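To keep things clear, I will list the structure first and then write my remarks on it.
The values are calculated or read from the model by the stated rules, or taken from the named source; none is laboratory data. It should be emphasised that the depicted structure is a prediction, and the values quoted were computed from it without experimental measurement. Note that each Cβ is placed from the backbone with ideal geometry, even for glycine, and that neighbours are counted across all protein chains shown. These area figures cover heavy atoms from the full protein model, side chains too; ligands, DNA and RNA do not enter into them. Shrake-Rupley method; radii C 1.70, N 1.55, O 1.52, S 1.80 Å.
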Amino acid sequence: MTAISSSGAGRRSVATLICGALAAGGLAAAGMATLAPGAAHASSHREAPLISGTPQYDNTDLYAFVSPDHPDTTTIVANWIPFEEPAGGPNFFPFAEDAQYDIHVDNNGDAQGELLFRYTFKTHVKNKKTFLYNTGAVESLDDKDLNITQTYDLELVKLKNQKVVHKTKLADDVPVAPSNVGKASMPNYAKLRDQAIYKLPGGAKTFAGQADDPFFLDLRVFDLLYGGNLSEVGNDTLKGYNVNSIALQVPTDMITESKDQPIVGIWSTTQRRNAQGYYSQVSRLGMPLVNEVVNPLKDKDKFNASSPWEDAQFLKNVTNPELPKLIEAIYKIKAPAEPRNDLVDVFLKGVKGLNQPPYVKPSEQLRLNTSIKPAASPKRLGVLDGDNAGFPNGRRLTDDVIDVSLQVVEGELVGSKNDLGDAVDKNDKNFEKAFPYVALPTEGSRGPLAKGVSSGTDVRSQLGDALQPASSTETNSTLIAASAGAGAAGVLLIGGGLMWWRRATRGTGGRGYRGY
């Protein structure tokens with residue numbers, strides 16, 4: 001294995017705005033003040049015109065890494081439903097029942113999936129005569145007061161040349177962790193999360209439910225380029241929003257071709273059932289940011305409906321990318337020379353000597369070398385900072401993919417050393433140290449307490465007898481009014497953009513691949 005390391009020079013404070021141009025022409029090259037409305041998004045949050053209107057089917061992010069506490073296993077985390085406002089009741093955020101949520105594994109580099117893990121969901125309602133998601137405090141996933149629940153089936157499909165060889169049902173009717181309504185409704189949400197972790201045969205584990213959005217970045221490009229004077233820079237604008245997560249931990253030898261070929265490619269898709277009863281693919285995600293800042297508007301919906309073995313049609317978007325040209329036009333930072341074969345290697349083939357499989361067919365996947373052990377002290381810039389267990393070798397929850405991607409796009413691998421970033425270096429919540437690793441979701445009861453209420457007051461005691469189980473024949477207007485008020489907040493879907501910055505003083509040494 002070729003060693004890939006870097007100097008790891010530290011960052012300095014924000015000095016100069018170098019680019020707010022993102023996703024599908026986020027800024028017109030003609031001038032800094034021209035913004036395309038609704039054009040810039042986070043990772044795969046609302047990244048294409050069609051999928052932005054159907055959030056239940058929208059892949060937001062994909063992560064794959066060797067499990068830090070069980071290094072003989074690989075963990076895959078795939079997220080859906082962007083920008084979940086925690087107080088978005090009364091329906092909150094279920095998985096779609098007419099969808100197939102799929103995780104694909106290519107274990108020989110041929111751009112075709114050999115393994116497919118398929119999640120399908122069912123919704124169950126105890127009492128249809130109330131609008132409430134829960135009718136009392138929920139202490140367990142089978143609590144009678146959890147009015148709306150979901151379960152899922154998990155199937156493993158083995159393929160060869162995209163033809164089904166074998167199907168295995170791995171799990172039936174596994175409970176989903178519910179949306180976190182609030183402290184009064186779910187006083188111990190961590191307990192509910194734990195109950196939703198399901199052990200599969202052979203040492204595998206699965207989880208489905210709500211989680212804090214693990215992607216971190218600053219999105220506020222639309223407010224006249226971060227307040228017009230950088231007064232809004234450096235805040236994680238995904239802070240406080242949730243997603244629906246599917247997490248799967250499997251023995252590594254279950255997904256790799258062999259010990260001699262430990263590199264796997266992974267991507268996630270959503271298939272939606274149409275009126276005729278057939279399923280069609282409506283969303284796709286592998287490497288972060290590809291369908292946002294690489295593919296132009298004309299290709300975004302096409303990409304979401306396509307498969308990796310068809311990716312030759314998008315090659316020009318990678319070798320002749322728009323983004324560096326926008327940066328040069330607006331901020332006079334020279335774009336690297338084309339064709340950008342360095343980007344082909346990172347985003348379509350994998351880095352040679354690190355995570356490029358032999359005889360690889362170029363295609364957009366998240367590639368992971370499962371033979372590289374987890375880092376004792378992970379570095380957020382991953383491979384660029386000498387940590388070969390991190391992005392773009394797979395993607396850990398803590399990897400700062402925005403900073404890494406910006407530096408690579410602006411030529412880090414071809415001699416243009418830079419320290420680009422968005423001034424957001426970590427998630428607002430700490431990740432868990434054990435499966436499913438994602439942070440607990442923000443509760444719907446976040447925010448200041450009501451006037452005259454202390455933090456030590458039990459909210460349920462104030463409701464008194466108003467908090468009745470669904471079977472009660474009494475109707476309490478106080479409880480209904482309070483619940484309706486929480487539901488009125490709705491779901492806040494924000495389009496946004498990224499701010500990129502450069503430290504004022506250069507010359508401390510850029511980060512680059514060694515031996516590449």
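If you go through region 335-379 and keep only what is within 16 Å of Ala111 (Cβ to Cβ), within 25 Å of the chain's Cα centre (by Cα), in a loop (DSSP other than H, G, I, E, B) and among the aliphatic types (A, V, I, L, M), you end up with nothing.
Checked against (1) at positive phi; (2) surrounded by 20 or more Cβ atoms within 10 Å (Cβ to Cβ); (3) not acidic (Asp, Glu), Leu413 passes all but a single condition, namely (1). Residues in region 408-464 that are modelled with pLDDT of 80 or more, closer than 21 Å to Asn134 by Cα and either within 20 Å of the chain's Cα centre (by Cα) or not in a loop (DSSP other than H, G, I, E, B) (or both): Leu440, Pro441, Thr442, Glu443. Candidates are the residues of region 335-386 that are surrounded by 18 or more Cβ atoms within 10 Å (Cβ to Cβ) and among the β-branched types (Val, Ile, Thr); the one that is farthest from Asn304 (Cα to Cα) is Ile372.
Report every pair of residues separated by at least 6 positions or lying on different chains whose Cβ atoms are under 9 Å apart, first residue within region 68-81 and more than 22 Å from Met287 (Cβ to Cβ), second polar (S, T, N, Q) and in a strand (DSSP E or B). Going by the 9 Å Cβ cut-off, the qualifying pairs are His70/Gln249; Thr73/Gln249. Residues that are modelled with pLDDT under 95 and buried (at least 16 other Cβ atoms within 10 Å of the Cβ) within region 153-181 are absent altogether. Restricted to region 1-115, the set of strands (runs of 3 or more DSSP E) holding at least 2 residues that are modelled with pLDDT under 75, closer than 27 Å to Asp345 by Cα and open to solvent by less than 30 Å² (accessible area, probe 1.4 Å) comprises 16-19.
Is it fair to say Gln150 is open to solvent by less than 50 Å² (accessible area, probe 1.4 Å), modelled with pLDDT of 95 or more and within 30 Å of Ser363 (Cβ to Cβ)? Considered against the rule, which asks whether it is open to solvent by less than 50 Å² (accessible area, probe 1.4 Å), modelled with pLDDT of 95 or more and within 30 Å of Ser363 (Cβ to Cβ), Gln150 comes out as no.
If the condition is being closer than 20 Å to Asp61 by Cβ and out of contact with any Leu (no Cβ under 8 Å at 6 or more places or on another chain), then region 269-298 contributes Thr270, Gln271, Arg272, Gln281, Ser283, Arg284, Leu289, Val290, Asn295. Tell me, yes or no, whether region 404-425 has at least one residue that is under 18 Å from Thr237 (Cα atoms) and among the hydroxyl-bearing types (Ser, Thr, Tyr). Within region 404-425, not a single residue is under 18 Å from Thr237 (Cα atoms) and among the hydroxyl-bearing types (Ser, Thr, Tyr). With respect to the stated conditions, Gly202 fails to be more than 22 Å from the chain's Cα centre (by Cα), surrounded by 20 or more Cβ atoms within 10 Å (Cβ to Cβ) and small (Gly, Ala, Ser). Is there a residue in region 206-218 that is open to solvent by 20 Å² or more (accessible area, probe 1.4 Å) and under 24 Å from the mean Cα position of the chain (by Cα)? Within region 206-218, not a single residue is open to solvent by 20 Å² or more (accessible area, probe 1.4 Å) and under 24 Å from the mean Cα position of the chain (by Cα).
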